[in-house]
Amino acid sequence: MQRPADASRRAWPKKPPPTPFAVGGLIGLVVFSLVTSWDWILGIGFNPLALPGEFRDSNPAMVEGLYNVTDAAWRESYVDRLRGAFTDPDSPWVLSLDSRIGRGLVETVQIAVLATIVGSALALPMSIYNTRLGAASSTRLAISKALNNTIRSIPDVIWAVLFVVLVSTGALAGVLALTMFTIAVVVKLTSDIIDGIDMGPVEAARAAGASHAAAMRTAVVPQILPGYASFSLYAFELNLRGAAVLGFVGAGGIGQAMDFYWSRLDFEGVSVVVFVFLVLVIVVERASIAVRKRLV
Amino acid sequence: MTRTETPAEERLREQLRPEKPFARFRWTVTILLAAAFAWSALTIDARWDRLAQIPERTWNFLGLLIQDASLGPLVIALEAMWESVAIAWVATLIGVVISFPLIFLASVNVANRWVVLVVRQVLNLFRAIPEIVLAIAFIPFFGLNPVTAAVAMGVSSIGTLGKLSAEIVEGIDRGPMEAVAASGGGWLAKLRWGVLPQAMPEIAAFWLYRFEINIRVSAVLGVLGIGGIGTFLTQAAQRNYYDRIGLGLLVVIVVTMLIDGASARLRRRIINGPPGELDQKREAAARVQISGDET
């Protein structure tokens, strides 16, 4: 049976028009995307349809150096170099890290370990201070927020450039740069969870006459410790990845080996370093994720 | 003042304040961390004595920055920063467009369990590879230019965007999906009317957040010489152009903070809806409650 037209209209309410925010957002999205991707002064010239063409017009010397897996001679020399990076005929040990790649790998781990430990240690008090609860005054909170936002807005490689200027090239600049980066990451994540803690223990500590510092240590720190430890481990993963970039600006680590082969146009060497680094990153990430799952 | 405790008092004290148990886990972690720290600090080839020079060198550096300060390079610094922002935006777009269909194939409450397992592993692989490795891998094909950076970061963004958006989809309420199924909707209808309206605000907010992260990453990839503020600053530092270093740093800090601030406000607006609407909804709900009581 056919229903009367006005009855169905009543059953199906009119769809509300999109809000000005949605319309403006959509227009802004499209305009900004076109401006940034177009091939002109304000864009980078990204054309998804032309990408396959560029893919074919690749640089054959580089492709052959980086991954010429189908060539048997290339495979053989690749494996030789890989073996050469971790063995030394003069050394009594099976494994020797006294090669450009081996030393770079060890230095990368050392930089990441030092930066993570020092940075996380500094980040704990800083993140407590970065909340309304810990700062205990709106002026001090504003100062702390401004400081942390500044630290956070500088990318790790820019820190590395700065510290290379201040302490000259070497691993020390890398350690300092990643320490600042660790502080940025851990303070941001940890101060977010401090805002959500249970206030009961804090009130109990204050009622028992604890000083501000004692209240923070006994009532806040135990509550945030699992999260904080997990964030620090996460920062370690990020630091290990970040340490590859440091070498390009002279701040130590495996990036130095990458930069060395890169500047000599030895793409096979670059490929070996990148492969070794990738294995290290993936192994550490798997381990770190397993530990973090247990922590939280 | 002091007097000896009676045995009863001692028992009471022990009951009130039990002895701290020996925390084996805590000790193991502390010792391991101390050992790792000591090994790294002692064997690393870092000249620790240079730490003492930092105050003096900072003072000199600041002096040079102020002495050479000029607004001359402002335009090229801003151009370089804009290029970084453009790279980050295009990379986010690539990540969004490719990860969007994958989100639903990676959520257990929407897709088949085996499909989810495979897609999740692919996303994890994209996430695990550092951006700089991807950039080096793409340079032979696209050359030393911003497009390479955008593609490398885009591929890397697919992993994080896909995984975290899938977690959002897995956290939604099943009710609307079941309602669509009950009224005869297919798989796509279920996604469109049952999943998207719930998950979309958070997913869109996460896209914006990824854009903020990508701005920093694009500065980092600049060290390879593929453009943006990273290339600008590393070259300025290599040549001791202090006017460019100072201005470049200022531009990075100010522009990053401005974009972070704007993006954070947009994200809040997307997730919370228009200002005041929440209160209106609560009021309306309260009114319904009252009128319901009356009847």
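The values are calculated or read from the model by the stated rules, or taken from the named source; none is laboratory data. Keep in mind that this is a model prediction, so the values were computed, not measured. Because the Cβ atoms are built from the backbone with ideal geometry, glycine has one as well, and the counts that use them run over all protein chains shown.
Checked against the criterion of being in a helix (DSSP H, G or I), at pLDDT below 90 and either in contact with a Pro (Cβ under 6 Å, 6 or more places away or on another chain) or of a type in the set (Gly, Ala, Ser) (or both), region B:138-158 contains not a single residue that satisfies it.
Of all residues in region B:53-64, those that are aliphatic (A, V, I, L, M) and at the interface with chain A (Cβ under 10 Å from one of its Cβ atoms) total 2.
Does A:Ser211 fit the bill of being under 27 Å from B:Gln53 (Cβ atoms), of a type outside the set (A, V, I, L, M) and free of Cβ contacts under 8 Å to residues at least 40 places away in the same chain? It is false that A:Ser211 is under 27 Å from B:Gln53 (Cβ atoms), of a type outside the set (A, V, I, L, M) and free of Cβ contacts under 8 Å to residues at least 40 places away in the same chain. Looking across region B:101-129 at every residue that is touching a residue at least 24 places away in the same chain (Cβ under 8 Å) and within 14 Å of chain A (Cβ to nearest Cβ), the one that is farthest from A:Ala244 (Cα to Cα) is identified as B:Arg120. Exactly one residue among A:Val187, A:Val164 is more than 22 Å from A:Met216 (Cβ to Cβ) and part of a helix (DSSP H, G or I), and that residue is A:Val164.
Looking across region A:163-207, the residues that are within 14 Å of chain B (Cβ to nearest Cβ) and charged (D, E, K, R) come down to A:Lys188, A:Asp192.
Restricted to region A:251-290, and to residues there that are on the phi > 0 side of the Ramachandran plot and surrounded by 24 or more Cβ atoms within 10 Å (Cβ to Cβ), the residue that is nearest to the other protein chains (Cβ to nearest Cβ) is A:Gly252. Looking only at residues of region A:19-58 that are within 7 Å of chain B (Cβ to nearest Cβ) and more than 30 Å from the chain's Cα centre (by Cα), we find that the one that is nearest to B:Arg268 (Cα to Cα) is A:Phe21.
May I ask you to verify whether A:Pro48 is of a type outside the set (Phe, Trp, Tyr), out of contact with any helix residue (DSSP H, G or I) (no Cβ under 7 Å at 6 or more places or on another chain) and at pLDDT 80 or above? Taking the combined requirement at face value, the residue satisfies it. Of everything listed in (1) crowded, with 21+ Cβ neighbours inside 10 Å; (2) polar (S, T, N, Q); (3) not in a helix (DSSP H, G or I), the single unmet condition for A:Thr182 is (3). Only one of the numbered conditions (1) surrounded by fewer than 13 Cβ atoms within 10 Å (Cβ to Cβ); (2) touching a residue at least 40 places away in the same chain (Cβ under 8 Å); (3) under 30 Å from B:Phe206 (Cα atoms) is not met by B:Ala80, and that is (1). Among residues that are among the aliphatic types (A, V, I, L, M), touching a Leu at 6+ places or on another chain (Cβ under 9 Å) and crowded, with 24+ Cβ neighbours inside 10 Å, A:Ala171 is included. Take the residues in region B:27-85 that are within 20 Å of B:Ile253 (Cα to Cα) and aromatic (Phe, Trp, Tyr), then tell me which one is nearest to the chain's Cα centre (by Cα). This residue is B:Trp82. Residue pairs whose Cβ atoms lie under 7 Å apart, sitting 6 or more positions apart in sequence or on different chains, and linking a residue in region A:147-162 that is more than 7 Å from chain B (Cβ to nearest Cβ) and closer than 18 Å to B:Glu131 by Cβ to a partner that is surrounded by 24 or more Cβ atoms within 10 Å (Cβ to Cβ) and not polar (S, T, N, Q), are A:Trp159/A:Ala177; A:Trp159/A:Phe181; A:Ala160/A:Ala173; A:Ala160/A:Gly174; A:Ala160/A:Ala177; A:Ala160/A:Leu246; A:Ala160/A:Val249; A:Ala160/A:Ala251. Being buried (at least 16 other Cβ atoms within 10 Å of the Cβ) and of a type in the set (D, E, K, R) holds for only one residue in A:Arg75, A:Arg103, A:Arg56, A:Arg83, and it is A:Arg103. Taken over region B:130-165, residues that are at the interface with chain A (Cβ under 8 Å from one of its Cβ atoms), of a type in the set (Gly, Ala, Ser) and either more than 21 Å from B:Ser99 (Cβ to Cβ) or touching a helix residue (DSSP H, G or I) at 6+ places or on another chain (Cβ under 6 Å) (or both) amount to 2.
Contact map, region B:175-191: first residue at negative phi and in a helix (DSSP H, G or I), second residue surrounded by 13 or more Cβ atoms within 10 Å (Cβ to Cβ) and of a type in the set (D, E, K, R), Cβ cut-off under 7 Å, separation 6 or more or different chains; pairs are B:Met177/B:Lys190; B:Val180/B:Lys190; B:Ala181/B:Lys190. Summed over region A:208-250, residues that are in a loop (DSSP other than H, G, I, E, B), within 14 Å of chain B (Cβ to nearest Cβ) and aliphatic (A, V, I, L, M) total 1.
Look through region A:131-146, keep the residues that are among the small types (Gly, Ala, Ser) and free of Cβ contacts under 8 Å to residues at least 24 places away in the same chain, and return whichever of them is farthest from the other protein chains (Cβ to nearest Cβ). Looking at the filtered set, the residue picked out is A:Ser137. Residues in region A:224-237 that are surrounded by 21 or more Cβ atoms within 10 Å (Cβ to Cβ) and under 30 Å from A:Phe260 (Cβ atoms): A:Ala235, A:Phe236.
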